[in-house]
Amino acid sequence: MSLPASGPLWLSNIKGEFGGATPPQNLRAYLKGGGYVNTWDTAPNVPSSGTIKILDFLGSAKAAAFTASASPTGVYGSGVGPITANTGNVTVSPSGGSSPFTYAWTYVSGDVDISVASATSATTHFHRDISAFDVPQVWSAVWRCTVTDASSRTATVDVTVEVECFN
């Protein structure tokens, strides 16, 4: 939804597009980069400071949500030691936002000995060294990928990683 490019426009229309208090207290709350109108919203005439007018919002729109998804959401690897057990690949895909995108994988929880192969790629796999002396067991961890778009917006997605030893 976007605001009309011409014709009548009310403060309630602006609140409907960008959110805010009910009823909106004043137009200054809608300066670009403030609490309601983000720098990545399509609002070319909305100022970031100074005087703001209702007409500045003609044709403006809230940017689409920026999200990320992983496929698959869980990966698995196994082996008999001594070996480095690798999981299958996981790929993170952003939706919305503007390219270029950057990717940062970080450990969240679980077994700290499971490592990411490429900490800055959309597609990666994970691995764990299994020694000849490990007993049969399963290690698991959660890793998070944070995707950042060209406007510095971020989206995150978590992936479950499991590695099994068959010694």
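The fraction of Cα-Cα pairs per 5 angstrom bin, counted from 0 for the chain, comes to 2, 9, 15, 14, 10, 9, 8, 8, 7, 6, 5, 4, 3, 2, 0, 0 percent, rounded to whole percents.
Solvent exposure of the chain amounts to 52 Å² per residue of accessible area, where only protein heavy atoms count and the probe is 1.4 Å. When +1 charges are put on Lys and Arg Cβ atoms and -1 charges on Asp and Glu Cβ atoms, the dipole computed for the chain relative to its Cα centre reaches about 940 debye.
For the chain, the relative contact order is 22 percent, taking Cα pairs closer than 8 Å that sit 6 or more residues apart in sequence and dividing their mean separation by the residue count.
When the helices of the chain are scored as -39500 (n - 2.57) per DSSP H run of n ≥ 4 and the total is divided over every residue, the value at 222 nm lands at -1500 deg cm²/dmol. Between Asp129 and Ser71, the FRET efficiency from the beta-carbon distance, with R0 = 35 Å, is close to 0.85. The share of accessible area on the chain that comes from carbon and sulfur is 54 percent, using a 1.4 angstrom probe. Residue order by solvent-accessible surface for Phe166, Phe126, Phe66 is Phe166, Phe66, Phe126, largest first, with ligands and nucleic acids left out and a 1.4 Å probe.
For the chain, modelled as a GNM whose springs connect Cα atoms under 10 angstrom apart, the maximal fluctuation among Val142, Val80, Val37 occurs at Val80.
The values are calculated or read from the model by the stated rules, or taken from the named source; none is laboratory data. Model, not experiment: these values are computed from the prediction. Ideal geometry is used to build each Cβ from the backbone, glycine not excepted, and the neighbour counts take in all protein chains shown. When the accessible area is computed, the model is the full protein with side chains, heavy atoms only, and any ligands, DNA or RNA have been set aside. Shrake-Rupley method; radii C 1.70, N 1.55, O 1.52, S 1.80 Å.
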